[in-house]
Amino acid sequence: MEMSFTWDKKSIFGRKKALKKAQENLDRECIEKMTEFVPVGLPRYRNSGKLRDSAQVAESGKIVYTAPFARSDYYSNVDHTHGGNPNAVRLWFEAMKHKYGRQLIKDTAEIMGCRVK
């Protein structure tokens with residue numbers, strides 16, 4: 001028995017379009033949900049704006065914080081709760097994934113037309 005599959009070009013275009021829409025939504029949702037864990041109120045940000053507001057989507061699937069010291073605050077082993085955010089933690093992307101990861105997967109799958117249990 002021999003089988004062959006042929007992909008419809010319209011189907012491929014539709015999947016690429018849905019994937020792009022899902023990735024844009026995922027980027028936006030990640031930035032929104034990470035603000036809960038991002039430190040604010042540090043004296044070194046007074047002249048450069050808040051770290052929270054510096055999040056940008058550099059390219060599809062890549063979120064960048066442009067504020068100075070963002071990288072060191074992300075990786076440093078410092079207690080961030082003394083600023084203006086009592087929920088602030090280091091590695092805030094990881095904290096966001098731990099709390100909202102399942103919901104993000106479900107939302108992304110729904111946009112792609114899939115089901116997640």
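The values are calculated or read from the model by the stated rules, or taken from the named source; none is laboratory data. Nothing here was measured: the structure is a model prediction, and the numbers come from that model. Neighbour counts run over all protein chains shown; Cβ positions are idealised from the backbone, glycine included.
Details
- Answer residue from region 37-59, given it is modelled with pLDDT of 85 or more and among the small types (Gly, Ala, Ser) and is surrounded by the most Cβ atoms within 10 Å (Cβ to Cβ) among those: 55
- Subset of region 78-113 (residues that are closer than 30 Å to residue 19 by Cα and of a type in the set (Val, Ile, Thr)): 105, 108, 111
- Complete set of residues in region 62-98 that are surrounded by 13 or more Cβ atoms within 10 Å (Cβ to Cβ), part of a helix (DSSP H, G or I) and among the basic types (Lys, Arg): 97
- Applying the condition of being over 16 Å from residue 59 (Cβ atoms) and of a type in the set (Gly, Ala, Ser) to region 13-38 and asking which residue is farthest from the chain's Cα centre (by Cα) yields 14.
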